[in-house]
1. Out of I95, I137, I89, I need the residue that is touching a residue at least 24 places away in the same chain (Cβ under 8 Å), of a type outside the set (S, T, N, Q) and over 23 Å from A233 (Cα atoms). Which one?
2. It is to be established whether one or more residues within the range 201-215 are touching a residue at least 12 places away in the same chain (Cβ under 8 Å), within 30 Å of F315 (Cβ to Cβ) and among the hydroxyl-bearing types (S, T, Y).
3. Could you please find all residues in the range 353-370 being part of a loop (DSSP other than H, G, I, E, B) and either closer than 17 Å to T341 by Cβ or under 25 Å from the mean Cα position of the chain (by Cα) (or both)?
4. Return yes when S90 is assigned by TED's automatic domain parsing to the domain that holds L180 and polar (S, T, N, Q) and no when it is not.
5. Inside the range 376-409, can you point out the residues that are of a type in the set (V, I, T) and touching a Gly at 6+ places or on another chain (Cβ under 7 Å)?
6. Any chance the range 92-110 includes a residue that's under 23 Å from E218 (Cα atoms), at pLDDT 95 or above, among the charged types (D, E, K, R) and exposed (fewer than 14 other Cβ atoms within 10 Å of the Cβ)?
7. What is the one condition in (1) surrounded by fewer than 18 Cβ atoms within 10 Å (Cβ to Cβ); (2) modelled with pLDDT under 95; (3) charged (D, E, K, R) that E169 does not satisfy?
8. Just to verify a result, which residue in the range 257-297, among those that are under 15 Å from T101 (Cβ atoms) and charged (D, E, K, R), is surrounded by the fewest Cβ atoms within 10 Å (Cβ to Cβ)?
Amino acid sequence: MNPGLEKLHPYPFERLVQLKQETSVVTDAEHIDLSIGEPKHTTPALILNELQKQLPKVASYPTTRGVDALRQAMAEWLSKRFQLPDGSISADRNILPVNGTREALFAFAQCVIDLNDNHSNKKTRPVVISPNPFYQIYEGATLLANAEPYYINCVEANGFLPDFDAIPENVWRRCQLIYLCSPGNPTGAVIGQESIKKLLKLADKYDFIIAADECYSEIYLDEDSPPIGLLQAAANLGRDNYERCIVFHSLSKRSNVPGMRSGFVAGDEKLIQAFLRYRTYHGCSMPLYTQMASIVAWQDEDHVHVNRVLYRQKFDAVLEILKPVMNVTKPDASFYLWPETPVSDIEFATGLYSRHNITVLPGSFLSRSIAAGDPGENRIRIALVAEIDQCIEAAERICEYIKTTCHSL
């Protein structure tokens, strides 16, 4: 068996299920689930109609590279959204469709981590750097590639952003891959141009790959200030060959189709071609009907704008209720809140579920305790994915819980 399997932590939602099974609900109030980042807004009709129209293509095998029209739609969207130089993103050389970012983020580490002859010496295992808190796929991918995870705490004092200056040189020397998540999950923080510039210099010096998970890039709160992307920052520095850079994008959050499992990776041509070779054997090509529906999704921005408006309304309404009783701030992007809790995050989540039938995710389920502390401790993740009336109702119950229960503990 792969020895990394024994090192895997239980997935956050497995832990949450166990926590809820051990807790009795003592209210008749309707359950509201704010724990999982699964969009609940209506899937756009243009996507559903195209899926229905293309269903007969289920009789045909898809290719790993996908159809030309899909890669072209992805390349055009990426170039326009991030203002990339004309011709710097080729649909043939720099784009690869994937079945959502989750499987691609995992598979990419298996493709690029090079153990050489060091795998028998634990001290010289390659390092994969990850933000902390984090999407647990980064950690699982690292462990199953037999690499060593290194966590960078993203805390409020630093704007919930990774501090690259705090990473020791001996870690950089062993680093082969760093995962970024911008906008961040669960914090919503956006990494800026200067931080990416610093990271690119480090990548050149120490020879590692930057893998940027940008699946929340289209859920932002200031319509005039969309989050910058890794490729955009690289191009701004004249690096329009995108060397060492790979980005991951998805329709799940952008277009409210998490079940369609459609996204893409883009960037450094050498890395894309290597990943294509890997995926040809991996056997993970996107169904043709999904490809055709994805084309119309990437080509339309109207539904994405409507989506952002709905999230802004929810943030405004919920924060008005929660700010007087919690340390909580509006994020730059994403659909999460990452507030502090007046008691431990697990105690808070358990009590809230028991007394008010609201499910949130304890922050420590998304983080690891390291020497610098546990950045998820005494925080919860609230996903504002339910309809606005439910989000408001949930916020009012959370407020009531804090006032009547937490303050008496």
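1. Working: I95 fails: over 23 Å from A233 (Cα atoms); I89 fails: over 23 Å from A233 (Cα atoms).
Only one candidate passes the filter, namely I137.
2. no
3. Result: V360, S367, R368, S369.
4. Numbers: assigned by TED's automatic domain parsing to the domain that holds L180: yes; polar (S, T, N, Q): yes.
For S90, the condition - assigned by TED's automatic domain parsing to the domain that holds L180 and polar (S, T, N, Q) - is met.
5. First, pick out the residues of the range 376-409 that are of a type in the set (V, I, T): 380, 382, 385, 388, 392, 398, 402, 404-405.
Passing the criteria: I380, V385, T405.
6. no
7. (2)
8. Per the stated criteria, the residue is R261.
The values are calculated or read from the model by the stated rules, or taken from the named source; none is laboratory data. These numbers come from a predicted model, not from an experiment. As a convention, Cβ positions derive from the backbone with ideal geometry for all residues, glycine included, and neighbour counts pool all protein chains shown.
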